[in-house]
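These notes concern the structure reproduced below.
The values are calculated or read from the model by the stated rules, or taken from the named source; none is laboratory data. Just so it is clear, the model here is predicted, and its values are computed rather than measured. Cβ placement follows ideal geometry from the backbone for every residue including glycine, while neighbour counts extend to all protein chains displayed.
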Amino acid sequence: MFNSPLLLGFDHFERVLDRAAKTSAEGYPPYNIEQTGETCLRITLAVAGFSDDDLTVTTEDNQLVIRGRHRNDEAERVFLHRGIASRQFQRSFVLAEGIEVMGARLDNGLLHIDLERPMPEPVVREIQIKTGRTGKTDGGQTIDVSPDDRQDRR
């Protein structure tokens with residue numbers, strides 16, 4: 001798609017699109033995203049067969065990255081039939097600005113990762129209005145702007 005000579009310098013975008021296409025085609029492990037509060041989210045991944053030692057949850061730049069890798073204890077085991085997948089995985093989620101990872105817990109084969117976007121406290125400050133005639137602030141007026149007034153103007 002980006003092989004045209006008119007699209008020079010777009011190799012980075014092509015790599016990003018290829019990576020996104022590969023990860024979206026990969027459906028393992030399945031996951032849910034739910035809103036648990038006004039500012040809270042929870043990502044739940046089905047990671048049956050993985051222990052907490054097999055899983056890592058990290059943030060890299062603006063991405064939440066979950067990796068799963070089984071320990072190599074299968075060398076001593078002899079399988080007559082192998083129907084349960086034990087493959088490693090990596091699942092990434094792009095986090096919006098300000099989202100914080102509050103914690104992760106493993107419960108009955110489900111990995112729950114709780115996220116929160118803290119609501120910024122409104123900052124109210126008083127701005128002094130200068131008069132146009134002298135440029136001095138003496139005798140000027142002030143307007144007090146409250147958070148309620150700002151919301152009414154939107």
Within the range 19-47, of all residues that are surrounded by 11 or more Cβ atoms within 10 Å (Cβ to Cβ) and farther than 14 Å from Phe93 by Cα, the one modelled with the lowest pLDDT is Thr39
Return a yes/no flag: does the range 107-114 have any residue that is closer than 16 Å to Ser51 by Cβ and at pLDDT below 85. no
Could you tell me whether the range 63-76 includes any residue that is polar (S, T, N, Q), in a strand (DSSP E or B) and touching a Ser or Thr at 6+ places or on another chain (Cβ under 6 Å)? yes
Among (1) of a type in the set (Val, Ile, Thr); (2) surrounded by 12 or more Cβ atoms within 10 Å (Cβ to Cβ); (3) under 22 Å from Phe50 (Cα atoms), which single condition is Val78 missing? (2)
Give me the pairs: first residue in the range 89-103 and of a type in the set (Asp, Glu), second residue not in a strand (DSSP E or B), beta-carbon distance under 8 Å, and six or more apart or on different chains, which are they? Glu97/Asn62; Glu100/Arg117; Glu100/Pro118
